[in-house]
Amino acid sequence: MSYSFIKFNDEIIDSTVMMELTDLARLLFKDKDASVSVRKHSYFNPYVNTVYVSTFWKHRYDITELEGFRHDILTRFPSASLFDYEEFETVKDRDILFQQIFLTLEHYRNRMESIRQRPFIKRMIASGDAILLEKYRKHSTNDAELLLKALNTAVLEYESHFKAGDESFGIISKSTTESIAITEQIIKASAPRNRLSGYHQIHDMPFNDISAFNRTTPFRKDSEKLQSENDEEDISHDTGRVDTKTNRDVEDAAVLGETGNNTARKSRHDLENAYDDDVEDFHEGFGRNRGDNRLRDTGTANTHAELLVRKPKIKMTNYGRYREIYDFYNDLAQQVIGDITKIMNFKMNEFQSNRSTGKLMKNPTGAIVSGSHKIFTKKISESKEVDAAFSIILDQSYSMTDHMEECINGIVIINNILKSLGIPQRIVSHHEDSFEIMSDHYPNYLYEHLDFDRSIYYYPVSLLDIEASGDNRDGFIFRHETDILSRRMEKDKFMIIFSDGLPSAEQYNQSGVIDTHEAVNKARKNGINVINIFIDVDNEENTRDAIRNIYGQNAVVVENPEEIGHILPNVIERVIKSLVI
């Protein structure tokens, strides 16, 4: 078994553990979008639909990390349906001790409900409870801490009453409102002389998030009054500047197929154009963006992420640079193209002999002597075309700065091979803009350098204007590309992904690996083959294992980026040969 890891606040978490916990949480919460993350304290946050497991269970000798994390999920899963979160608002501004006692009583309700629903849980959480009991029985520094630990000890021992001061109180409440009332009684009876510090907290709850949840949840009776208008306004944006072409640039553009008379109607520039955009709007075959380019993912990991699609214009002076790259690697590309063409021609002219029907064999003597009736041959009529489509995705995040040139070179080679074989392709790059991030808005830019419809005629010259920036929210982008590729009619579909590590973006470090893993699985379920070109300069075994965990055997590890131009032709050749042989 191979292990892979996620880094949380300088802590290493086994990503296979996190995926197992995510499956468990979704099963128990009966919510396919529920997620799991790691924090100091354990609780369920309904606003982000995430159950947090406690770092308390890490680095222990008396229980495994998985068992400890599982303990937290098993004792928290009824929260979503059990708690009255509107009542939590009344606790928001109370002192820490009041909040801690209240959360303890609500946690007791959680535990009792989980055991009621699934009695076997009591046995499964027993070892974790024993460890917590030992912790709560340790020396307390003041009477407020002593009170809180004593109450939590009573909860773990399934006591029905708790003595505070000279009074005894029933601590098995039936509602959030009753938990608040019991808390008031315990505070009044115990009258602790000391205040409780945040350091001595046992439970946690993000009350600000609860307030936000109460304003947005559709389950509120007055939810219609709370809904705000979310009409999107049209956003105009400057996608770049086009320099004046020199004679050499015009020549290069014509050679690359960017201009010419290969289309059906003429514009006022006297250039024919089969599409409904005027040629003056064309740059790499892209016209005006007339569709919705602001997309959102409803998944928990990408709650505030927004996808903004851009169709970049190019500097025409880049045609010369593109031509240089094209020519430099053209021999490698042509070798692959030639090998594949030979195979397809052979398949086109291949004969099957010893058949029961067809054309009589030239020399059927052997078959007749042996008594066989299979004395005919048949020519196989197969199409010369490969029925496939490719989506090529480039991680444009800042960490790719030192590898961007080599990756672009590799994409130029892939484009050359696929275009020559008549295989439609889509080429995009992406990044999350870390400078534009707000608390509820994570803008992710997707740049379409080439789309399927125009990939036969145009080249992704705008790749040469890419600058590494921001972060990479991989799973978010992969789902979008999966949806586009899934609508294609080709028999075989591929996503080729260039990256140099694990996904990393705002509020995405902990959930990003799981989200990306699930996005890759979704693509595969849709019949899409996912291949990752992983630039692994640092040679970190943990990261490499995590990449393999996400992409499986289809991760091509490149330790020296300068080798990409020589590795990729072989990769593409193997892929395409698998389709025609």
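The values are calculated or read from the model by the stated rules, or taken from the named source; none is laboratory data. Note that the structure is a prediction, hence the values are computed from the model and not measured. Methodologically, a virtual Cβ is constructed for each residue, glycine included, from the backbone with ideal geometry; neighbour enumeration extends over all protein chains shown. Quick note on the areas: whole protein, heavy atoms, side chains included, nothing else; ligands and nucleic acids left out. Shrake-Rupley method; radii C 1.70, N 1.55, O 1.52, S 1.80 Å.
Taken across segment 67-75, residues that are open to solvent by 10 Å² or more (accessible area, probe 1.4 Å) and out of contact with any Gly (no Cβ under 9 Å at 6 or more places or on another chain) do not occur at all.
Considering the conditions (1) over 19 Å from Tyr447 (Cα atoms); (2) in contact with a Cys (Cβ under 9 Å, 6 or more places away or on another chain), Phe498 is excluded by exactly one of them, (1). Does Ser439 meet the test of being surrounded by 20 or more Cβ atoms within 10 Å (Cβ to Cβ) and of a type in the set (Gly, Ala, Ser)? Considered against the rule, which asks whether it is surrounded by 20 or more Cβ atoms within 10 Å (Cβ to Cβ) and of a type in the set (Gly, Ala, Ser), Ser439 comes out as no. Within segment 118-164, the set of residues being in contact with a helix residue (DSSP H, G or I) (Cβ under 7 Å, 6 or more places away or on another chain), basic (Lys, Arg) and without any contact (Cβ under 8 Å) to a residue 24 or more places away in the chain comprises Lys122, Arg137.
Residues are listed down the side, and each one gets a yes or a no for (1) within 13 Å of the chain's Cα centre (by Cα); (2) at pLDDT below 90:
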| site | (1), (2) |
| --- | --- |
| Ser462 | no, no |
| Ile466 | no, no |
| Gly470 | no, no |
| Phe478 | yes, no |
| Met489 | no, no |
| Ile497 | yes, no |
| Tyr508 | yes, yes |
| Ser511 | yes, yes |
| Thr516 | yes, no |
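If you go through segment 551-574 and pick out every residue that is touching an Asp or Glu at 6+ places or on another chain (Cβ under 9 Å) and either touching a residue at least 40 places away in the same chain (Cβ under 8 Å) or among the aromatic types (Phe, Trp, Tyr) (or both), you end up with 5.
Give segment 557-570 a look and list any residue that's within 25 Å of the chain's Cα centre (by Cα) and surrounded by fewer than 18 Cβ atoms within 10 Å (Cβ to Cβ), or say none. Result: Val557, Glu559.
The requirement of being in a helix (DSSP H, G or I), out of contact with any helix residue (DSSP H, G or I) (no Cβ under 8 Å at 6 or more places or on another chain) and modelled with pLDDT of 95 or more is fulfilled somewhere in segment 99-115, by at least one residue.
Remark: His449 falls outside the filter, which requires a residue to be under 22 Å from the mean Cα position of the chain (by Cα) and open to solvent by 10 Å² or more (accessible area, probe 1.4 Å).
For segment 517-536, the criterion of a residue being in contact (Cβ under 8 Å) with a residue 60 or more places away in the chain, surrounded by 20 or more Cβ atoms within 10 Å (Cβ to Cβ), part of a helix (DSSP H, G or I) and of a type outside the set (Gly, Ala, Ser) is satisfied by at least one position.
Suppose we keep only residues that are in contact (Cβ under 8 Å) with a residue 60 or more places away in the chain and part of a loop (DSSP other than H, G, I, E, B) within segment 493-505. Which one would you say is surrounded by the most Cβ atoms within 10 Å (Cβ to Cβ)?
Step one: of segment 493-505, the residues in contact (Cβ under 8 Å) with a residue 60 or more places away in the chain are 493-502, 504-505.
In the following step, the residues that additionally are part of a loop (DSSP other than H, G, I, E, B) were identified as 500-502, 505.
Numbers: Asp500: 24, Gly501: 21, Leu502: 21, Ala505: 26.
Among residues in segment 493-505 that are in contact (Cβ under 8 Å) with a residue 60 or more places away in the chain and part of a loop (DSSP other than H, G, I, E, B), the one surrounded by the most Cβ atoms within 10 Å (Cβ to Cβ) is Ala505.
For every residue, the table says whether it meets (1) open to solvent by 60 Å² or more (accessible area, probe 1.4 Å); (2) over 16 Å from Glu178 (Cβ atoms); (3) touching a Leu at 6+ places or on another chain (Cβ under 6 Å).
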residue	(1), (2), (3)
Phe56	no, yes, no
Glu87	no, no, no
Gln100	no, yes, yes
Asn110	no, no, no
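Inside segment 116-138, residues that are assigned to a helix (DSSP H, G or I), touching a Leu at 6+ places or on another chain (Cβ under 7 Å) and either open to solvent by 50 Å² or more (accessible area, probe 1.4 Å) or under 26 Å from Ser81 (Cα atoms) (or both) make up a count of 4. In the set (1) open to solvent by less than 60 Å² (accessible area, probe 1.4 Å); (2) of a type in the set (Val, Ile, Thr); (3) more than 27 Å from the chain's Cα centre (by Cα), the condition left unmet by Thr22 is number (3). Can you say whether Ala144 is at pLDDT below 95, closer than 19 Å to Tyr43 by Cα, surrounded by 17 or more Cβ atoms within 10 Å (Cβ to Cβ) and not basic (Lys, Arg), as far as the supplied structure shows? No; evaluated as a whole, the condition is false for this residue.
Looking across Ile477, Ile484, one residue alone is in contact with a strand residue (DSSP E or B) (Cβ under 9 Å, 6 or more places away or on another chain), within 27 Å of Ala388 (Cβ to Cβ), surrounded by fewer than 20 Cβ atoms within 10 Å (Cβ to Cβ) and of a type in the set (Val, Ile, Thr). It is Ile484.
Restricting attention to segment 141-167, the residues being over 45 Å from the mean Cα position of the chain (by Cα), within 16 Å of Tyr108 (Cβ to Cβ) and either in a loop (DSSP other than H, G, I, E, B) or of a type in the set (Ser, Thr, Tyr) (or both) number 1. Restricting attention to segment 417-429, does a residue exist that is of a type in the set (S, T, N, Q), in a loop (DSSP other than H, G, I, E, B), open to solvent by 30 Å² or more (accessible area, probe 1.4 Å) and touching a helix residue (DSSP H, G or I) at 6+ places or on another chain (Cβ under 8 Å)? There is no residue in segment 417-429 that is of a type in the set (S, T, N, Q), in a loop (DSSP other than H, G, I, E, B), open to solvent by 30 Å² or more (accessible area, probe 1.4 Å) and touching a helix residue (DSSP H, G or I) at 6+ places or on another chain (Cβ under 8 Å). None of Glu573, Glu490 is part of a loop (DSSP other than H, G, I, E, B) and open to solvent by less than 40 Å² (accessible area, probe 1.4 Å) except Glu490.
Selection of first residues in segment 167-195 that are modelled with pLDDT under 95 and of a type in the set (Phe, Trp, Tyr) and of second residues that are surrounded by 13 or more Cβ atoms within 10 Å (Cβ to Cβ) and outside any loop (DSSP other than H, G, I, E, B), restricted to Cβ pairs under 8 Å at least 6 apart or on distinct chains, gives the following pairs, ordered by first then second residue: Phe169/Phe162; Phe169/Lys163; Phe169/Ile182; Phe169/Gln185; Phe169/Ile186; Phe169/Ala189.
Take segment 168-216 and flag every residue that is open to solvent by 40 Å² or more (accessible area, probe 1.4 Å) and part of a strand (DSSP E or B). Result: Ser168, single match.
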